[in-house]
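Since the structure comes first, as structure tokens, the remarks are kept for the end.
The values are calculated or read from the model by the stated rules, or taken from the named source; none is laboratory data. Predicted model, so just to flag it, every value in this text is computed and none were measured. Note: ideal-geometry Cβ built from the backbone for every residue, glycine included; neighbour counts use all protein chains shown.
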Amino acid sequence: MTTTTTHVTDLYPTRGATEVATPRQDPVVWGSPDTPGPIPAADLQALDRDGFLAVDQLIGPDEVGAYRRELERLTTDPAVRADERSIVEPKSKEIRSVFEVHKISEVFAKLVRDERVVGRARQILGSDVYVHQSRINVKPGFGASGFYWHSDFETWHAEDGLPN
């Protein structure tokens with residue numbers, strides 16, 4: 001029997017001994033700037049240039065209230081607390097994060113399927129989309145144990161294998 005080993009070079013190595021800035025190897029906007037969608041062409045160009053896009057009031061205040069109520073329900077539900085997808089603060093015993101929230105909560109499942117969100121993601125990526133990981137953080141941004149409240153491509157790439 002012959003075994004073949006394939007070595008794949010990680011274009012975005014992370015968590016090394018020293019901190020380094022890695023130039024972006026891939027586009028931000030994968031779709032064509034001419035593809036019709038909810039994001040105006042000028043905003044797509046700004047996203048491609050700047051790496052971020054702010055959308056004013058994508059979700060209305062009434063919806064934010066509903067999501068806050070659902071968050072409160074999730075963080076006080078004993079079944080959610082006992083679920084392996086929940087991370088509990090060691091000292092306070094408060095829930096700090098709930099992973100796969102789109103699988104636990106129909107309210108958040110609807111949000112990740114909402115065309116206002118999905119339509120923009122499809123337009124940016126130029127293809128259909130899926131949820132690689134979802135998480136709600138309810139811990140303070142600084143001062144709690146474990147990690148600072150921050151997630152980005154680097155975190156998901158290093159910890160969950162999110163492809164570029």
Could you go through region 2-23 and let me know if any residue there is over 28 Å from Glu159 (Cα atoms) and in a loop (DSSP other than H, G, I, E, B). yes
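Please go through region 87-124 and pick out each residue that is of a type in the set (Ser, Thr, Tyr) and either under 30 Å from Leu44 (Cβ atoms) or at pLDDT 95 or above (or both).
Of all residues in region 87-124, those of a type in the set (Ser, Thr, Tyr) come to 92, 97, 105.
Scanning region 87-124 gives a single hit, Ser105.
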In region 125-142, the residues that are buried (at least 17 other Cβ atoms within 10 Å of the Cβ) and either modelled with pLDDT of 95 or more or small (Gly, Ala, Ser) (or both): Ser134
Counting only residues that are among the charged types (D, E, K, R) and in contact with a Pro (Cβ under 6 Å, 6 or more places away or on another chain), how many does region 89-122 have? 1
Does region 90-106 contain any residue that is of a type in the set (D, E, K, R), surrounded by 12 or more Cβ atoms within 10 Å (Cβ to Cβ) and in contact with a helix residue (DSSP H, G or I) (Cβ under 8 Å, 6 or more places away or on another chain)? yes
When every residue in region 36-61 that is among the acidic types (Asp, Glu) and outside any loop (DSSP other than H, G, I, E, B) is compared, the one farthest from Leu125 (Cα to Cα) is Asp50
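Each row is one residue, and each column tells you yes or no for (1) at pLDDT below 75; (2) of a type in the set (Ser, Thr, Tyr); (3) surrounded by 10 or more Cβ atoms within 10 Å (Cβ to Cβ).
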site: Pro13; (1), (2), (3): yes, no, yes
site: Gly16; (1), (2), (3): no, no, no
site: Ala21; (1), (2), (3): no, no, no
site: Arg24; (1), (2), (3): no, no, yes
site: Asp34; (1), (2), (3): no, no, no
site: Gly37; (1), (2), (3): no, no, yes
site: Gln45; (1), (2), (3): no, no, yes
site: Val55; (1), (2), (3): no, no, yes
site: Leu58; (1), (2), (3): no, no, yes
